Amino acid sequence: MISARALEKYFPPVRALGPVDFDIPAGSQVALLGESGSGKSTLLNLLGCMEVPSSGDLEMQGKLTRGLSEKELAEMRLRKIGYVHQFFDLISDLNALENVMLPMWMAGDAESETRATDLLKSLGLGHRLTQTASLLSGGEQQRVAIARALSLSPSLILADEPSGSLDSSTGEAVVTLLLELTKKAGSTLIMATHSPAAAARFEHFIRLKDGKIVEKNLPKVKE
Amino acid sequence: MNTRFWKILWACFIKPTWKRPFLLIASIAGIAAGTGILCALNMSNERAIHSFEASAQALTPQGDSGTSTSPGTPQTVQWRSPRGKIAWEMLDTCLQFISQGVQCRGVISAPLHLKSAAGRSPEGSAFDGDVQVIGMDGGWETLGAPAFSSALAEKTHELRLTAGAKIEAASSFPSRDYSLILSGRDAALLITQARGLQGVSGYDWLEVSPSETQESVSLEAANAVFEKTLARMQLAFGKRSAIPLVRTTPQKVIESQKALTFTYRFNLKVLSMMSVLIGALLVANVATLYFLLKRPTVAVLRQLGASRKEILAWVLFEQALMGLIGGVLGLGLGVQLEKLISGQVLRTISDLYLKTAATAPHLSFQTGALTVVSGMFIFLGAGLSAALSTTRVAPAAPGKRTVQPDKLRLWPAFLAALCLLVIFSSPYLPPFKIPFLFESSQAQPVAGYLGAAAVFIFSFALSQYLLAGVSAAITRLTPPRVAARFTTLAIAARRNLRSGARGRAPVATLAGGLSLAIGVTLMVGGFRESLGDWLGTAFNANIMGEVQSLQGTETRPRITEDQLGRLRATPFIEGVDCLLLDDLEFRGRPFKVAALDDALLPKYPVPMVPFHLPDGMTPKLALESLTKGAENVWPAIISETFSNKFKLNPGDRFEITLHESGGAAAAPLQLRILGSAREYSSELGYVIIARDTFKRHTGLDGCNSLRIYTQIQSSEEFIRRLGALHPDLTRDVKYITSHDLRTNALRTFNDTFAITDALAMLAALLGGLSLLTQLVQSTAERAPEWLTLRRMGNTWRDLFRFCSMDILLSVLSGVFLGLISGVLLGWVLCYSINYQAFGWTVKYGTPDSILKSLKIAAVFGTTLWAFGSLASVFVLRPGEKWRLKRE
């Protein structure tokens, strides 16, 4: 479960987020909505342990992120969180397979090649395994990024406008893929999006404006 | 290190780097340039030191004349003449003391070019080379027959000394140099004859030693007896020689040569360290650019859970690997560079220290390994700051705002201010001895060396501000309305304004290389002009007696008062200035006394060096005052060097003791300082008094140096006519025109500063090579921007202009900063290092040297701009390949 209490983030002199409060049960699929500059990416970065809150508490799977060391935060990112970006953020000089194997290497997974190949094949990229990332199409690159995010079966997948730089049909396919795969894996999915069509696919959402939650519909937390 | 470490190192660091050849080549070339120069200087130092030591060793006494090993036996003593050669007859005087328990011999040592007859060499080929020939003559246990050094004996058994004299090896002694020892007076004569020294023949030194070991007697007692004999011997010498012989020991000679070696080593080490510093700054620049390109990968790895320590380990490992490759390439480059610069280094030693013959180049395992390892560590050290900053990349998408662009930081400004403090305080901090470093026995201008290093750090620290300043100025000068006309310049300025450390690298590198070239040019130019002025004032007569130098000991043949009188009475000579010289010690340190003739010629201006005199006193008045003593206190003018060495100023009184003609010490001479004179010829220091005063105190008359005024323009004609009247005056004195003297002096000066050519060459090579690689690298880094510009409809020619303007801004900023740093470096070299090391005041910022510096800056900058633009565009063809593949 993810729990935020009076969570705030400053980039002095700007307050980018907060204070916000919410609870997201494990296995939920939540859309993060709002205009540009509303604080979506900041919230995702806090949830992804890439930033630490300026104030307030963020509890993830029973741990407060504020008290974690640099090493523990890195470990959280590796083992518990998968991240999918709008601009894919693949390492352009590596091929598709290597990009997916990268987190597995970091986790010391000896079976990385088999699992990464299976993952990519399941995403329809079996014929692109050895293709350098920079030469893949946008949709293919995003599918590689999803495969990389799922490669260690993390409990939380964060997606920052994953369809933002894709055409509408490819974008829709990517969102579908994310929803299906996370549901199948039982992972929590939090996806920031501008697209009304993509947002409509989510039952639960948080709407932000000027860094504050203006509307939210989240699943109830079981006591 | 686990499998994960190696896998990610290979996949995310090494492999991508290999896929970018320009990045790889630029980085490795940068390291290779730095380490290559380091290697070249190290090798050159080694070779120079080896050559120097070999030559110095050849001058030290050979055979059994070294330090006594017997506990009861006093050390061997040498008698040397301050005027060079010792007359043959003096040995006879020495030999008269054999009955008093000493043995005595005359030694002559000369480097000769000798050949062997074919077939007399072990390999069957003729020997043809330089051999140090040592002749020993006297009542010692003579060797009896010629002895060859083992190195020489391996090459030949017979040498031809003169047309009629052959020397055949009878024995050998262990030595790695080509040398041989001859015995007997004939041998000494043969050497003199072979060397063509008929005019100044004699022994180089006399050696005296107790005739037998006295193990039953204590060393103190044996020394006391030996001292008494030596004192009697000194009196006997005094009766035979106008110039007293100076007593020394082989140990002292060796120590003095060791001191020279240490000083020389120290100076070259300082030069090496300066080059290492510049090399390190270059590597730091390369590393900065390199890591900027790695940021996206690092951001992804951080997002994926890599810790900062892991990132640091990966980047440092890759750096070390590249440093190793660069170091190996640098080794090859260094060997080639050494061939270029060693000649210059050796020319400098030959002039500054002693005549040095070059030994073969030698790359020791130590130097090779040191170069490669130091290349690796310098790269690691210099790139550490950039590597650490890379690990601070936020674990987020590189395209997002969480990855902040480089900002102008404040700490370099504080560093630059600190450097300025070090630079401007350096002349006020006295030199001091640093025996733990280089074992130097002389005080070194350490603050000056630190000041020079501070100039380079200052330039490095200021580079980003300067680029930002120039870019801001151009941005302000190109508002939107103007920018429409100068689009490329306006865009380049705006981009560089925000580029931070990215733009700093080429600017800092260019400034570093240029500042060294300009600093050295300013110093050498000022030096040359100072020397030219001095020569112009001191030697403006038509013909003068030549001042000869041999192994640092003056060997002026003194002409007598009678000969001076005859010269002055010669019809075609309008006048003669006469100078008497003496070598003395003051407060335990050597200096020279120059006794000026008081018969000043009214027709000619007083030919003197520039003076520092009290207000209202002219040089002529000062010279005329030299003869006007009161209460036995005589006026004197001291040289600037003497003033600095002994902290004496105008108005101060001091006392010197001259030698009498018999060799004994005269009564102390009380002197009062009138003023000081500039002097560039010797670091010993001079005291100038009236010749009349000198004559009255010592009984010595005549002249050691002459200046002759005549209307005859040709020296050959003058000598012919003088020879017809006074044959002895043409035999004893060599005449040279002041024009030739000036030419020779400046040629010597150019030789002395030949090392500066090597330095300027290295600076140009370093700056040029690294700047080119960095410009190409920064062009490559902007690949996505070129693509965007192409997509926006810019032609390939437009991109050329963009590249060119980018490079122009870097070059302009670098040249401007290089000029500022060069002026500072020149100032440190002139006022701190040079003044403290030698005590000379050198002109600074003379028009010629400023003009030359500006020319260097212009040529350097223009060449780099042109080559940088062409290299960036034609090598990379920015935007061209992306258009073909992606559009």
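The values are calculated or read from the model by the stated rules, or taken from the named source; none is laboratory data. These figures come from a predicted structure and were not determined experimentally. Here Cβ is always computed from backbone atoms with ideal geometry, including for glycine, and neighbour counts include all displayed protein chains. Surface accessibility is based on the protein's heavy atoms, side chains included, excluding ligands, DNA and RNA. Shrake-Rupley method; radii C 1.70, N 1.55, O 1.52, S 1.80 Å.
Approximating the spin labels as points 7 Å out from Cα along Cα→Cβ, the B:Lys15-to-B:Leu851 distance works out to 6.2 nm.
Amide hydrogen proximity for B:Ala677: with H placed 1.01 Å from N in the peptide plane, the residues at 5 or more positions away or on another chain lying under 5 Å are B:His612, B:Ile638, B:Ser639, B:Glu640. Taking all protein chains together and a 1.4 Å probe, the residues B:Trp827, B:Trp865, B:Trp314 rank B:Trp865, B:Trp827, B:Trp314 from largest to smallest accessible area. Only protein heavy atoms count here; under a 1.4 Å probe, A:His194 has an accessible surface of about 90 Å².
When chains A and B come together, the accessible area they lose, probed at 1.4 Å and totalled over both chains, is close to 2500 Å². Magnitude of the charge dipole for chain A, about its Cα centre and with charges confined to Cβ atoms of Lys, Arg (+1) and Asp, Glu (-1), is about 420 debye. If R0 equals 25 Å, the separation of the Cβ atoms of A:Glu172 and A:Gln61 corresponds to a calculated FRET efficiency of about 0.20.
Accessible surface comparison of B:Ser99, B:Ser175, A:Ser153, probe 1.4 Å, protein chains only, largest first: the order is B:Ser99, A:Ser153, B:Ser175. Return the long-range amide H neighbours of B:Val102 (sequence gap of 5 or more, or a different chain), with a cut-off of under 5 Å between placed amide H atoms. Sorted by chain and number, the residues that satisfy this are B:Ser211.
Solvent exposure of chain A, expressed per residue, is 43 Å² of accessible area, with all protein chains present and a 1.4 angstrom probe. Looking at the square roots a ≥ b ≥ c of the eigenvalues of the Cα gyration tensor of region A:1-85, which shape do they give, rounded for a/c under 1.5, prolate if a/b is larger than b/c, or oblate? Rounded shape, in that the Cα axes give a/c under 1.5. Among A:Val175, B:Val524, the order of accessible area from largest down is B:Val524, A:Val175, computed with a 1.4 Å probe on protein heavy atoms. As a quick test, which of the pairs B:Lys339/B:Lys855; A:Lys184/B:Lys7; A:Lys80/B:Lys19; B:Lys15/B:Lys294; A:Lys9/A:Lys220 have an alpha carbon distance above 24 angstrom in this structure? B:Lys339/B:Lys855; A:Lys184/B:Lys7; A:Lys80/B:Lys19; A:Lys9/A:Lys220, as the Cα separations exceed 24 Å there.
Compared with the direct C-alpha span, the chain from A:Ser153 to A:Glu72 gains 27.3 nm at full extension, assuming 0.36 nm per residue.
Take each residue in B:9-17, count the other chain C-beta atoms within 10 Å of its C-beta, and the mean is 3. A Förster radius of 35 Å combined with the Cβ-Cβ distance from B:Val225 to B:Arg696 puts the calculated FRET efficiency at roughly 0.40.
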